Amino acid sequence: MKQVIIFGECMVELFQLVDNVYHQAFAGDVYNTAVYCKRSAAAQLNLKFLSAVGTDLVSDKLIAQLEQEKLDSSLVLRTKTARPGLYMINTDCFGERSFVYWRDSSAAKQSLALFRQHHTVERLLPADVFYFSGISLAILSLEDRTYLFTLIKELKAQGVQIVFDPNYRPALWPDAEICRANFDQAYALSDIALPGLDDHKVLYGCSSAGDVLAQLQTLGVKEIIVKNGSSGVLGYSEGESFQCPAVPVKKVIDTTAAGDSFNGGYLAGRLNGLSPLAACQYAATLASFVVEHTGAIVTKEQFRGFSSR
Ligand code: ADP
């Protein structure tokens, strides 16, 4: 059985149904990826979520949710001094959604400080894949980020594949230059990169997926999948580039987690032995299903419908 570690933050989501009535769920970029990866490759992999929560009731519910999704919660550490981050999705009278976050002091920010107090890299081994995102990086203190890069170097030396999606969120970084320096470091350590073209347009001034490939090849990444919404992806592996179109949908309902679900599907495909192109085709089919539904994570029943198509 393959061992996967996914590192980052899962938050409480409050989704406005009507006026002051909200539906409560759990979501977050790497959590969404973990759920779709595990659902896609269930029996073949053990997926550990590396994070931190509090000791409150909502934190207990978050852990219960991970377990319901058959994610291994043994690396979700507890702190008495913080609680999970939270965000609200509100919809205005024109149907426009807006997100408001309360994550500045979330428990997940302490995850690596807690890990370092109690464990060493051996606690993460054996592992086949370590997955993290630009958001996982952004929420850490400078000291913890430095520690994360050391940890990743140690994992890499043990043969663990490192997978990174930049998921650029300007509001989480003090400035673009600091962010670029961190992303460059993350890319240089990565075996697989799953960037969105939009992130690289804003952050690096790239104008095409080809620009992103060239940039990441220079940083030494061997497998690169550049996502570009409904225009599909440009991939690169074993010295060859390839295109994979998006799967057309009748009606886009909600693009939340399109990239996260794509990443989960891609990882599951690769871990199950699919080629990069075949893994992209599966991931694009999954992401197209996700954008046809509301919310980051489709229900288990909807997912069963997808799997049996
Ligand atoms: P990211 O948020 O990481 O930049 P994208 O927005 O590029 O990710 O979306 C990831 C994947 O989701 C795309 O490569 C595509 O397969 C699928 N996707 C996104 N938007 C659409 C859409 N409108 N129609 C069909 N598939 C889509």
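Condition first: open to solvent by 50 Å² or more (accessible area, probe 1.4 Å), more than 7 Å from the ligand (Cβ to nearest atom) and without any contact (Cβ under 8 Å) to a residue 60 or more places away in the chain. Can you find one or more residues in the stretch 254-272 that meet it? Checked against the condition, which is being open to solvent by 50 Å² or more (accessible area, probe 1.4 Å), more than 7 Å from the ligand (Cβ to nearest atom) and without any contact (Cβ under 8 Å) to a residue 60 or more places away in the chain, the stretch 254-272 yields no hits at all. Identify the residue in the stretch 277-309 that is open to solvent by less than 20 Å² (accessible area, probe 1.4 Å) and farther than 29 Å from Leu14 by Cβ and, among all such residues, is nearest to the ligand (Cβ to nearest atom). My answer is Ala284.
Given Phe130, Phe164, which one is within 16 Å of the ligand (Cβ to nearest atom), surrounded by 22 or more Cβ atoms within 10 Å (Cβ to Cβ) and under 21 Å from Cys10 (Cβ atoms)? Phe164 is the lone residue from the list that is within 16 Å of the ligand (Cβ to nearest atom), surrounded by 22 or more Cβ atoms within 10 Å (Cβ to Cβ) and under 21 Å from Cys10 (Cβ atoms).
Selection of the stretch 137-155 for residues being open to solvent by 70 Å² or more (accessible area, probe 1.4 Å) and either among the acidic types (Asp, Glu) or under 19 Å from the mean Cα position of the chain (by Cα) (or both) yields Glu143, Glu154. For the stretch 31-49, filtered to residues that are in contact with a strand residue (DSSP E or B) (Cβ under 7 Å, 6 or more places away or on another chain) and hydrophobic (A, V, I, L, M, F, W, C), the residue that is farthest from Leu62 (Cα to Cα) is Leu45. Residue pairs whose Cβ atoms lie under 7 Å apart, sitting 6 or more positions apart in sequence or on different chains, and linking a residue in the stretch 127-144 that is part of a helix (DSSP H, G or I) to a partner that is among the β-branched types (Val, Ile, Thr), are Ser136/Val30.
Does the stretch 62-101 hold any residues that are among the hydroxyl-bearing types (Ser, Thr, Tyr) and under 30 Å from Ala42 (Cα atoms), and which are they? Steps first, answer last, please.
Filtering the stretch 62-101 down to residues among the hydroxyl-bearing types (Ser, Thr, Tyr) leaves 73-74, 79, 81, 87, 91, 98, 101.
Result: Ser73, Ser74, Thr79, Tyr87.
If you take the residues of the stretch 241-253 that are in contact with a Gly (Cβ under 7 Å, 6 or more places away or on another chain) and not polar (S, T, N, Q), which of them is surrounded by the fewest Cβ atoms within 10 Å (Cβ to Cβ)? Explain how you work it out, then say what you get.
Taking the stretch 241-253 first, the residues in contact with a Gly (Cβ under 7 Å, 6 or more places away or on another chain) are 241-246.
Cutting the leftovers down to not polar (S, T, N, Q) gives us 242, 244-246.
Numbers: Phe242: 14, Cys244: 19, Pro245: 12, Ala246: 19.
Across the stretch 241-253, the extreme among qualifying residues is Pro245.
Taking the stretch 3-45 as the range and being assigned to a strand (DSSP E or B), surrounded by fewer than 16 Cβ atoms within 10 Å (Cβ to Cβ) and not aliphatic (A, V, I, L, M) as the test, the residues that pass are Tyr22, His23, Gln24. For the stretch 109-126, filtered to residues that are open to solvent by 70 Å² or more (accessible area, probe 1.4 Å) and in a loop (DSSP other than H, G, I, E, B), the residue that is nearest to Ile178 (Cα to Cα) is Thr120. Hey, can you tell me all the residues within the stretch 217-248 that are under 12 Å from Phe262 (Cα atoms) and aliphatic (A, V, I, L, M)? Ile225, Val226, Val233, Ala246, Val247, listed by residue number.
Can you spot a residue in the stretch 50-65 that is under 27 Å from Cys280 (Cβ atoms), in contact with a helix residue (DSSP H, G or I) (Cβ under 7 Å, 6 or more places away or on another chain), surrounded by 14 or more Cβ atoms within 10 Å (Cβ to Cβ) and of a type in the set (S, T, N, Q)? Looking through the stretch 50-65, none of the residues is under 27 Å from Cys280 (Cβ atoms), in contact with a helix residue (DSSP H, G or I) (Cβ under 7 Å, 6 or more places away or on another chain), surrounded by 14 or more Cβ atoms within 10 Å (Cβ to Cβ) and of a type in the set (S, T, N, Q).
The values are calculated or read from the model by the stated rules, or taken from the named source; none is laboratory data. Since we're looking at a predicted model, the values are computed, not measured. Virtual Cβ from ideal backbone geometry, glycine too; neighbours counted across all protein chains shown. The protein model used for the area step is the full one, side chains on, heavy atoms only, and it has no ligands, DNA or RNA in it. Shrake-Rupley method; radii C 1.70, N 1.55, O 1.52, S 1.80 Å.
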